[in-house]
Amino acid sequence: MSFYEYYSNYKNIEHEAFFKNLTEADILRTISKSKISELEFLALLSPLAANYLEDMARRAHQASLQHFGKTVLLYTPMYLANHCTNHCSYCTFSVANNISRHKLSLEEIDKEAKTISATGLKHILVLTGESRKDTPVSYITEAVKILKKYFDSISIEIYPLTEEEYKQLIDAGVDGLTIYQEVYNEKIYDQVHISGPKKDYHFRLDAPERACKAKIRSVNIGALLGLNDWRKEAFTTGLHANYLQSTYMDVETSVSLPRLRPHKGSFEQVVHVSDKDLVQIMLALKIFMPYLGITISTREKQELRNHLIPLGVTKMSAGVSTEVGGHSSCIDGDGQFEISDTRSVDEIRDAIRERGFQPVFKNWMQIT
Amino acid sequence: MDPLMIGGTALNSRLLIGTGKYANDAVMPEVIKKSGTEVVTVALRRVDMESKQDNIIEHIPEECILLPNTSGARNAEEAVRIARLARAMGCGDWVKIEVISDNKYLLPDNYETTKATEILAKEGFVVLPYMSPDLKAAQRMADAGAAAVMPLGAPIGSNRGIRTKELVQIMIDEIDLPIIVDAGIGKPSEAAEAMEMGAAAVLVNTAIATAQDPVNMGEAFALAVKAGRMAYLAKTGPEKVYASASSPLTGFLHEGDL
């Protein structure tokens, strides 16, 4: 059974009717259970459950402490290029936008890696825009070979690949994949992805599974919050993560909760997702899947990021630039989106310590 | 306490501890001191010898036996590579084999663990395999050259105590190697319980690392392990299903012929 088949069992649920039938007792019973079902997870995303965030937070905190301890892994994204062949209405990198486009040479990649490495970070997330033509798999493979000199763990956030291509990158040294479906609602997906290969909903949806089949170590998925009703998107994100974790038990599964940030795009129907909503999603996910990793990026403000740490965050980005070559300032270009938390690696390290948690710089290594 | 022999080394403490999940690794030396432990396990994937920030090994006193573990290995081949790397990095000859290919429940893979045990024991490692409690698998690990076997009491990090008690007891009774209960122990009383059962030692991480006061919790575990071991050696009285009544129902049988 593919994820889409599993998801099909739930995608026609009438959320409002389901939420309307919930009672306070249902919510409290669910929070106290050791293992909850998909529909109980949905109940924790309900408006009624929003009244029980403190109870949910205590339960999520306990689960996180038990499974991950008081640690937060640090990583930073590294943009290799911002060329893109897709026209997406919410993204600065969209082919329709007139922005400064760049692609790092192998020498520039080395320089950028050296700069990031000097901060002490050992985990890196490599990003490109989505252009097979400008940043083919062969280019990313070469980049990974250089990055291996500096980093213990290399994840990628690029266009979706075939299973064979994922295997090629894994063999080169990639151990993690981040790929966002952006929006699980098929109709909205079609609307916001105006043109380009990204219009293929199913090829993107199945990308994490192809990577799992290719024996990737970890997958990180998520929806771009703001494109659709967040309750529905959060529910499907949880279903997707649960499917991957249950089907590919040898793969570490985590979820990111990116909220739409100011960008140079045309998308205006933004669904507001408040801090409180974000917290509810995070807590519901943690109670549904206690072993799930949760990543919080610098899209969020530093105050909020600090407060989220005890609630189940396992991974945070630090010292972020969303510009190509932004760490070594070798190129001036446009970033993918505006970041909110501009703190340096040292500042974020200290903030994590102040909350009584340990910033972890290395939690993985490739052994060849 | 009577010493525990593992791989030809006598240990005076029967409490082994882990280094994961601490809010701050700098507390480790004090935890180690108060717990009295002589063996400290560390995930090799966390060790960064060139760290500009922090190296977890710096917090482990030199007199302790370093027990690198193969956390992150999904099969025997990966575990063997990690063990060899640990030795090459100067972490010594002891290794805890941890092969987990299930990120949902984090249960060990006994088959792959046995394979890794056999290879590493032949290479002269003191091998301590972490396993799901199973008599046959433990026998195979013993035959493969394990220096001790480490069955889980409950899923790793769960703090749920010795849920596998019956199976661990069978291993204690039947396997001619030290049985070290690893994973699941959440409270000192549960460590004492394991020791009363006849476990040779216990390995505790989450329960100490995530306690509000890890230093005091480390000491509490040390005392519990000692108490449990003393109780085991003192041979606790037999359990009875029914109370021994002071006026037995069959007492009349001893009152002479009726």
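A short reminder: the numbers here are calculations on the coordinates, not readings from a lab. Keep in mind that what you see is a predicted model, and the values were worked out from it rather than measured. Glycine also receives a Cβ, built like all others from the backbone with ideal geometry; neighbour counts cover every protein chain displayed.
Would you mind working out the magnitude of the charge dipole of the stretch A:3-360 relative to its Cα centre, with +1 at each Lys and Arg C-beta and -1 at each Asp and Glu C-beta, to the nearest 20 Debye? Each step should come with its number before you reach the end.
Working: 42 positive and 47 negative charges, 111 e Å.
Once rounded to the nearest 20, the dipole reads 540 debye.
Set the Förster distance to 25 Å, then compute FRET efficiency between A:THR342 and A:ASN98 from the Cβ-Cβ distance, nearest 0.05. Please report the intermediate quantities before stating the final value.
Working: r = 26 Å, r/R0 = 1.03.
About 0.45, to the nearest 0.05.
What's the percent breakdown of Cα-Cα distances in the stretch B:69-161 across 5 Å bins, shortest bin first?
3, 16, 28, 25, 17, 9, 3, 0
Counting other beta carbons within 10 Å of each residue's own, what order do B:SER247, A:SER94, B:SER101 fall into, fewest first? List each step's numbers first, then the result.
Details: B:SER247 5, A:SER94 26, B:SER101 17.
Least to most surrounded, the residues fall as B:SER247, B:SER101, A:SER94.
For chain B, modelled as a Gaussian network with Cα springs under 10 Å, which listed residue fluctuates most, B:LEU135, B:LEU152, B:LEU85?
Per the Cα network of chain B with a 10 Å cutoff, B:LEU85 tops the list.
Provide A:CYS91, A:CYS212 in ascending order of the number of other Cβ atoms located within 10 Å of each residue's Cβ, fewest first. Walk me through the numbers on the way to the answer.
Numbers: A:CYS91 26, A:CYS212 23.
Least to most surrounded, the residues fall as A:CYS212, A:CYS91.
Would you mind ranking B:MET197, B:MET230 so that the residue whose beta carbon has the fewest other beta carbons within 10 Å leads the list?
Details: B:MET197 18, B:MET230 14.
Neighbour counts put them in this order, fewest first: B:MET230, B:MET197.
State whether the stretch B:111-193 is rounded, prolate or oblate according to the following rule on the C-alpha gyration tensor (a ≥ b ≥ c being the square roots of its eigenvalues): a/c under 1.5 gives rounded; otherwise a/b larger than b/c gives prolate, and the remaining case gives oblate.
Prolate, since a/c reaches 1.5 and a/b exceeds b/c.
Kindly work out what percent of the DSSP beta bridges joining two residues of chain B are antiparallel, to the nearest 5.
Values: 4 of 27 bridges.
Antiparallel: roughly 15 percent of the beta bridges in chain B.
Summing -39500 (n - 2.57) over the DSSP H runs of n ≥ 4 in the protein assembly as shown and dividing by its residue number, what mean residue ellipticity at 222 nm do you reach, to the nearest 500 deg cm²/dmol? Walk me through the intermediate numbers first.
Working: 23 runs with 234 residues, N = 626.
Using -39500 (n - 2.57) per qualifying helix, the result is -11000 deg cm²/dmol.
Just to be sure I understand: of the beta bridges DSSP finds with both ends in the protein assembly as shown, what percent are antiparallel, rounded to 5?
Working: 7 of 64 bridges.
Counting DSSP beta bridges with both partners in the protein assembly as shown, the antiparallel share is about 10 percent.
Using only Cα atoms, what is the ratio of the radius of gyration of the stretch A:3-360 to 2.2 N^0.38 Å? Let's see the in-between values first.
Working: Rg = 19.5 Å, N = 358, 2.2 N^0.38 = 20.6 Å.
Taking the Cα Rg and dividing by 2.2 N^0.38 Å, one obtains 0.95.
Determine which aspartates and glutamates satisfy two conditions relative to A:LYS232: a Cα distance under 15 Å, and not lying fewer than 8 residues away in the same chain.
Answer for A:LYS232, where 15 Å is the Cα cut-off: A:GLU14, A:GLU16, A:GLU38, A:GLU40, A:GLU182, A:GLU186, A:ASP277, listed by chain and number.
Give the Cα extents of the stretch A:115-260 along the principal axes, in whole Å, largest first.
For the stretch A:115-260, the Cα extents along the three principal axes come out at 43, 33, 31 Å.
Take chain B, connect every pair of alpha-carbon atoms lying under 10 Å apart with a spring to form a Gaussian network, then pick out the residue of B:ALA201, B:ALA23, B:ALA144 with the largest mean-square fluctuation.
Looking only at B:ALA201, B:ALA23, B:ALA144, the biggest GNM fluctuation is shown by B:ALA23.
What percent does the relative contact order of the stretch B:4-251 come to when contacts are Cα pairs within less than 8 Å and at least six residues apart? Write down the numbers at each step before the final one.
Details: 513 pairs, mean separation 45.0, N = 248.
It rounds to 18 percent for the stretch B:4-251.
Along the charge dipole of the stretch A:3-360, Cβ charges K/R +1 and D/E -1, which of A:ASN21, A:GLY356, A:VAL320 sits furthest on the positive end?
Comparing the listed Cα positions along the dipole, A:GLY356 ranks first.
Just need the relative contact order of the stretch B:45-127 here, percent rounded to a whole number, with Cα pairs under 8 Å and 6+ apart. Write out the running numbers ahead of the final one.
On the way: 110 pairs, mean separation 22.1, N = 83.
Taking the mean separation of contacting Cα pairs over the length of the stretch B:45-127, I get 27 percent.
Please compute the contact order of the stretch A:3-360 in relative form: average sequence separation of alpha-carbon pairs under 8 Å and at least six residues apart, divided by the residue count, as a percent. Let's see the in-between values first.
Values: 686 pairs, mean separation 85.7, N = 358.
RCO, the stretch A:3-360: 24 percent.
Assuming 0.890 mPa s and 25 °C, estimate D for the stretch B:1-147 with Stokes-Einstein, Rh taken as the Kirkwood radius over Cα pairs, in µm²/s. If you can, show how the numbers build up before the last one.
Working: Rh = 15.8 Å.
Calculated translational D: 156 µm²/s.
Let me understand the protein assembly as shown better: what is its radius of gyration from the alpha carbons, and its Dmax, in angstrom?
Over the protein assembly as shown's Cα set, Rg and Dmax evaluate to 26.6, 112 Å.
Kirkwood hydrodynamic radius of the stretch A:1-112 from all distinct Cα pairs, in Å? Please report the intermediate quantities before stating the final value.
On the way: mean 1/r = 0.0528 Å⁻¹.
About 19.0 Å, per the Kirkwood formula over Cα pairs.
Distances longer than 21 Å among the Cα atoms of the stretch A:231-321: what percent of all pairs is that? Write out the running numbers ahead of the final one.
On the way: 1460 of 4095 pairs.
Value for the stretch A:231-321: 36 percent of Cα pairs lie more than 21 Å apart.
Could you state the orientation-averaged shadow area of the convex hull built on the Cα atoms of the stretch B:4-251, in nm² to one decimal? If you can, show how the numbers build up before the last one.
Values: hull surface 60.9 nm².
Projected area, direction-averaged: 15.2 nm².
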